Amino acid sequence: MKQNSEMKLIAGLLITVNAALGSLSAAITPVPDKVACAVADRHAFTQPDQVRLTGWLGARVEANEANRLVKIDVDRLLEGYRKRPGRQSWDGEHVGKWLHAATLAWVNTGDPALRHKLDYAAAELTKCQLKDGYLGTYLEKDRWTEWDVWAHKYNLIGLITYMRYTGNMEPLPACRRMGDLLCNTFGDEPGKRDIIKAGWHVGLAPTSVLEPMVLLYRLTGEQRYLDLCKYILRAWEHPNGPKIISTLLTLKRVDKVGNGKAYEMLSCLNGALEYYRTLGDPKILEACLNAWKDIVEQRLYITGAASYGELFHDNYDLPNVANVGETCVTVTWLQFNAQLLRLTGEARFAEQLEHVVLNQLFGAQKCDGSAWGYYVQMEGKKPYSSTLDGHCCLSSGPRGVALIPTFAASTDDAGVVVNLYDAGTAKLRLKDQTPVTLVTETRYPAEEQIRITLGLAGEKDFTLKLRMPAWCRATSVQIKGQLVALAPGPDGYVAVRRSWKDGDKIELRFKLEPRIVVGDHKNNGKLAVLYGPLVLAADADLLGDRLPGVKAVAFSNADLAVLAVSPEPAPDKFKTWPGAQVFRVNAIPRRASKSAQAGANLPIRLTPFADAGNGGAEYRVWIPVGQSEGDLLQDEKESRSRSGNVSGSITDGAADTFVVTFDGKAAAEDWFAVTLDAPAELKRVVFVHGKTFHDGGWFDASVGQPQVQVQTTKEGKWETAGVLKDYPATTATSAAGLKAGERFTCQFPKATKVFGVRVVGKPASGDDVRQAFASCAELLAE
Ligand SMILES: [Zn+2]
């Protein structure tokens, strides 16, 4: 082992299990940086050992450590490094992501089994480094073409986090060699490679190595690492670059940056904020704040998810099902808010943190912590998985949960800041090193009261900052039994400055009540129910026998008095923590029938989005308002012969969204189908035409008009019930003047009970005979 000054530094580190404070966590003094930051953090939250959560948040943090992080097979993580090129092209990212999450979790819990794994992983990973410093999973001939700068990014993040908190600096030479290799390989000098071309998504993927290169610069003080960071910022603005900063300063829209790839872009922005912290360029912060505002106002789902199809899209273009809510995006969005909170000290970022943690992040984590979902959409089934294969998100989710203790409570120049409310203990140090303990007792968000007791050696003058949730209409704060006036400061926190004494009690009350969000754009005609900070969802496991699935649920109107939402203790299957609740609400059957009178309320129970679908059942956030008297197929399960390249729906009641079967190939037949859980009696079927293109998008009627087929038994055989008689005389190459939105009807001779209906025909090829496809906007039935 090479001796150097960094390693000598370790002798001065204090690493003990702090028995005096009665904490299980490892009491840590992080390894200091050599380079001071130009921008001082407003909030100090670099130490996950200070906050021990024991309520709902604590249960999820603990489950993440005990049922996921400590259970990971480290040899599986190293497989692609030990035997290159590994099982798939970006398999190299997992070990660094695990090192980051597991280190934070170990600092929080002090679990010796996890520490043992960490030491093994760090040592074994560095053994896989090649002589020239390369620590990716690619063969030499394939280097720097896809995801290996990306893997170096995560290896640096993981190993730097490991060194910082364990004090074991043995991986430092390996990190330096990685940094040196990147510096020698990429740059705008002659003979060096263009980093934009070294990976996917207009360079967003490889250039996200900015974040750990800034960290490596600060840790070592090596100027060349900073030079590489400066080169990356220049490369962003090259003609072939993603133009991150310039786009965010001018257009102020994240969907206009690069190709809009959300995970990679937010990873770059997290690096940009690290760069801002180090050098203090205000334009960088301005660009990031523009990105934040744009996402919050135009591109954020109600649960805190922030993408579909892994991209940012046009304003309010937020379909409920279209590979919505990639968990990697959820976690980098969380990190982005945590960075902004740390840098600015503004409560609006803590507000987003509470919202994304309690809804989308926990919604992606299986309640017992053992598995994660990749796309966690606004309806459907939670796609929980516990393997890493092909799942970037499976190693991202645990990072988000492991970060929670770092920002739940912290300190600033004036005193103590409380961001998240959960039972537990925070052992903090004021700026002058005075120790202050906060013991919080609550079952929030299942209980309105939050009691915080201060622990102090004597008397101390400081400010206690409390985040008042923006969703809450009635908050109160009592100190030692006296109500205090609530006037948030410019940073958004209620600040109470006084001389505090040991045992002083602060009692907060956040009135928990239901709220309705009336849907617009793609959720026109639907509403979502929230309770306190929680987004609620229907879950098929809570509906009983009266409604056949979540799509059979509707609300009579958007009136809270009619819905009469009230919490009650969760039944056993939904008791994911001692305070778990479900929410009784008056619903109506979606479809009018003789047995269910219009307007008759049917009490059902909703569950928090975080717990929805945990038992494997279907769930749904946005619930239609009013009974469907016209279209019997609305919101039912849709499918088509080929998935196509447009994300739309034929059952959403909106004729402006359409789908296609385009895949660049020819086909003899295409179909658009809707199937039902419970049978419906149909008298007629209406096919609303989708968009036509130069190279197809219609049915070729020269071989016969498109047929309407039905299933008379569940998942039964398709039988022809009629044709779309008015369909024009199209050919393979002529759309015969067809327009998007045109309606074609097939009338049945008598009402027919069906479980499914589809329209089938021969797709048209337009001017490109090598392929053919059809298009549909809606399939309706009465
Ligand atoms: Zn992912």
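The numbers here are math on the coordinates, done by the rules we state, and not lab data. Keep in mind that what you see is a predicted model, and the values were worked out from it rather than measured. Reconstructed Cβ throughout: ideal geometry from the backbone, glycine too, with neighbour counts over all protein chains shown.
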State whether the chain is rounded, prolate or oblate according to the following rule on the C-alpha gyration tensor (a ≥ b ≥ c being the square roots of its eigenvalues): a/c under 1.5 gives rounded; otherwise a/b larger than b/c gives prolate, and the remaining case gives oblate. oblate
Net charge of neighbours whose Cβ lies under 12 Å from the Cβ of Leu273, counting Lys and Arg as +1 and Asp and Glu as -1: -3
Quick check on packing: order 262-275, 506-519 by the mean number of other C-beta atoms within 10 Å, highest mean leading. 262-275, 506-519
For a footprinting-style exposure proxy, rank Trp372, Trp56, Trp144, Trp718 by other Cβ within 10 Å, fewest first. Trp718, Trp144, Trp56, Trp372
Phe349, Phe609 arranged by Cβ crowding within 10 Å, fewest neighbours leading: Phe349, Phe609
Does anyone have the angle between helix 327-344 and the longest principal axis of the chain? Alpha-carbon axes, 0 to 90°, nearest 10? 40
Output the Kirkwood hydrodynamic radius of the range 130-249, Cα pairs only, in Å rounded to one decimal. 14.5
Which whole number of Å³ per residue matches the convex hull of the alpha-carbon atoms in the range 255-336? 80
Debye calculation, C-alpha points only, no solvent: report log10 I(q)/I(0) for the range 30-95 at q = 0.13, 0.27 Å⁻¹, in the same order as the q values. -0.71, -1.10
Once you compute Rg and the Kirkwood Rh from C-alpha atoms, what is the Rg to Rh ratio for the range 300-356? 1.01
Checking the a/c ratio against 1.5 first, then a/b against b/c, what shape does the Cα gyration tensor give for the range 186-279? oblate
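Taking 20 Å as the cut-off for C-alpha to C-alpha distance, list the pairs among Lys551/Lys637; Lys427/Lys460; Lys293/Lys381; Lys683/Lys725; Lys382/Lys575 that go past it.
In this structure, Lys293/Lys381 lie more than 20 Å apart at Cα.
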Rounded, prolate or oblate: which fits the range 353-404 when a ≥ b ≥ c are the square roots of the eigenvalues of the alpha-carbon gyration tensor, with rounded for a/c under 1.5 and prolate only if a/b beats b/c? oblate
Go from 0 up to the bin containing the longest alpha carbon distance in the range 386-471, width 10 Å each, and give me the % of pairs per bin. 14, 40, 26, 14, 5, 1
So what J values fall out for the range 763-780 if you push phi through Karplus, 6.51 cos²θ - 1.76 cosθ + 1.60 with θ = phi - 60°, rounded to Hz, Gly and Pro as x? x, 9, 9, x, 8, 10, 5, 6, 8, 6, 7, 10, 9, 9, 9, 8, 10, 10
In degrees, nearest 10, range 0 to 90: what is the angle between the Cα axis of helix 210-220 and the longest Cα principal axis of the chain? 10
For helix 93-109, report the angle its Cα long axis makes with the longest principal axis of the Cα atoms of the chain; keep it between 0 and 90° and round to the nearest 10°. 60
Distance from the Cα centre of the range 109-135 to that of the range 271-321, in angstrom? 33
Could you work out the equivalent-ellipsoid semi-axes for the range 424-546, taking the square root of 5 times each eigenvalue of the Cα gyration tensor, largest first, in whole Å? 37, 17, 13
For the range 47-94 versus the range 347-393, the gap between their alpha-carbon centres in whole angstrom: 15
Out of Thr475, Ala105, His152 - ranked by how far each Cα lies towards the positive end of the dipole of the chain, with unit charges on the beta-carbon of charged residues - the top one is Ala105
Taking a temperature of 37 °C and a viscosity of 0.692 mPa s, what whole-number D in µm²/s does Stokes-Einstein yield for the range 261-389 with Rh from Kirkwood over alpha carbon pairs? 219
Between the range 524-566 and the range 633-687, what is the separation of their alpha carbon centroids in Å? 26
Rounded to a whole number, what is D in µm²/s for the range 641-760 from Stokes-Einstein with the Kirkwood radius over alpha-carbon pairs (20 °C, 1.002 mPa s)? 143
What's the Cα-based Rg to Rh of the range 469-513, Rh via Kirkwood? 0.98
Please compute the Kirkwood hydrodynamic radius over the range 49-180, one decimal place, Å, based on all pairs of different Cα atoms. 15.1
Calculate for the chain the 222 nm mean residue ellipticity that helices alone would give, adding -39,500 (n - 2.57) per DSSP H run of length 4 or more and normalising by residue count, nearest 500 deg cm²/dmol. -8000 deg cm²/dmol
By counting other Cβ atoms within 10 Å of each Cβ, how are Ile623, Ile604 ranked from fewest to most? Ile604, Ile623
Could you rank the peptides 677-683, 61-67 by their average count of other C-beta atoms within 10 Å per residue, with the highest value first? 61-67, 677-683
Average projected area of the Cα convex hull of the range 317-423, in nm²? 7.6
